[in-house]
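Inspection log for the structure reproduced underneath, given as structure tokens.
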Amino acid sequence: MMEKDVIIIGGGPAGLAAAVELRKKGIEDILILEREASLGGILRQCIHDGFGLTRFGETLSGPEYARRFIDEAEALHIPYAVDTMVLHISPDKTVTAACRDGLKVWKAKAIMLAMGCRERSRGALGIPGERPAGVFTAGTAQAYINMYNRMPGKEVVILGSGDIGMIMARRMTLEGARVKAVFEIMPYASGLPRNIQQCLHDYGIPLYLSHTITEIKGGSRLQGVVVSEVDGHMRPIAGTEKEYSCDTLILSVGLIPENELSEGAGLTLDEQTKGAVVDEHFQTDIPGVFAAGNVLHVHDLVDFVSMEAEQLADCAASYIRGRALAPCTIRVAAGSGVGNLVPQRLSGTEAVTLSCRVRSPQRDGTLVVMQNGREAAVHAFKRAVPAEMLHIRIAAGALQRQGDLEVSMK
């Protein structure tokens with residue numbers, strides 16, 4: 001069994017940013033484990049720009065953004081192993097992985113979870129019909145075009161208004177496909193407003209809200225889909241069915257944090273975020289096991305993924321050096337109008353930023369953090385949509401040492 005100060009599982013934007021920051025903090029014995037053949041994560045196939053404005057102050061493509069951190073990691077001589085699939089994490093921080101040389105086992109002082117997220121597939125939707133060729137998740141279609149130079153189809157319908165789906169609507173249009181429409185089951189778009197404008201409106205691609213696909217038609221190849229309007233409970237409305245002929249259906253219906261390893265280790269998962277429950281140090285309920293990035297909660301911008309991982313690295317470095325992290329006994333709960341919320345536990349002794357999402361589009365609203373019947377923090381906003389994270393800063397000394405928090409819309 002090999003020993004390491006810290007093992008980082010995942011070589012995407014979170015894992016790379018954490019590794020670089022840990023090395024800058026003086027932690028030398030680092031190892032990144034990546035299951036793909038190269039570092040960079042999903043950014044390798046995201047050739048559109050728009051990355052890096054917050055983190056670097058300039059707009060970059062996905063590969064350019066990843067390359068910034070890869071170059072820095074290599075310049076700092078941070079070791080990494082690709083084509084290495086982590087199979088299990090034990091509560092005593094033992095990591096078992098499979099690679100070309102067989103099984104390997106490491107014992108770490110600290111583990112950072114940075115496995116990212118995966119797309120929700122057709123199987124999770126339960127759409128009636130056969131299983132013809134031509135049904136892709138948005139990320140798979142993106143990989144076909146951007147990494148393997150293969151065109152998925154020519155007549156396209158997109159289900160879901162997630163960011164990757166809207167970006168693929170534009171990408172396939174530029175490659176000569178006809179994107180007939182984007183259908184969204186919710187009464188509002190689930191992606192960023194800038195992508196609605198730049199990827200759909202600018203190319204004349206219609207977006208139909210409160211619509212979903214109720215049947216897939218085709219044998220060996222997709223021939224069409226049946227679309228229905230839905231009511232306020234997202235149930236199809238009889239008599240509203242309309243058929244669209246197409247040879248390609250792209251699904252952009254949500255992302256799920258990749259937490260099978262977390263579950264295997266016995267970590268507590270949050271029902272809303274689908275990621276691990278963490279404290280203000282990004283530490284899970286197993287001491288020395290930390291989580292950041294999309295494995296913790298799905299972010300709207302990759303810049304926030306990297307910046308969150310860099311914050312984690314500061315806390316992890318203290319833990320590795322044996323410095324006690326402040327105990328976090330104050331629980332944070334999402335109240336009225338608030339969805340995902342991270343972190344879920346606080347110490348009450350340090351300044352902290354809460355990241356959350358509203359449940360539905362809001363204008364001129366206020367988020368209030370309540371503790372023991374008093375306002376601990378207030379965050380006013382002009383506009384908020386579920387696709388964008390809101391950040392609430394709680395100043396040091398603003399919290400009492402006892403009493404749980406609730407964050408809600410005012």
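The values are calculated or read from the model by the stated rules, or taken from the named source; none is laboratory data. Bear in mind that the values here come from a model prediction, so they are computed numbers and not experimental data. Don't worry about glycine lacking a Cβ; one is built from the backbone with ideal geometry, like all the others, and counts go over all protein chains shown. Accessible surface areas use protein heavy atoms only, side chains included; no ligands, DNA or RNA. Shrake-Rupley method; radii C 1.70, N 1.55, O 1.52, S 1.80 Å.
A few remarks follow.
- Only one entry in ARG235, ARG194 is open to solvent by 80 Å² or more (accessible area, probe 1.4 Å) and touching a residue at least 40 places away in the same chain (Cβ under 8 Å), namely ARG194.
- Residue pairs whose Cβ atoms lie under 9 Å apart, sitting 6 or more positions apart in sequence or on different chains, and linking a residue in region 161-184 that is among the β-branched types (Val, Ile, Thr) to a partner that is open to solvent by 40 Å² or more (accessible area, probe 1.4 Å) and in a strand (DSSP E or B), are ILE164/GLU119; ILE164/LEU255; VAL179/GLU155; VAL182/LEU207; VAL182/TYR208.
- Selection from region 214-228 of residues that are at negative phi and open to solvent by 10 Å² or more (accessible area, probe 1.4 Å): THR214, GLU215, LYS217, GLY219, SER220, ARG221, GLN223, VAL226
- Candidate set from region 256-287 (those that are aliphatic (A, V, I, L, M) and in contact (Cβ under 8 Å) with a residue 60 or more places away in the chain); member that is surrounded by the most Cβ atoms within 10 Å (Cβ to Cβ): ALA276
- For VAL253: the one exception among (1) surrounded by fewer than 20 Cβ atoms within 10 Å (Cβ to Cβ); (2) over 26 Å from LYS25 (Cα atoms): (1)
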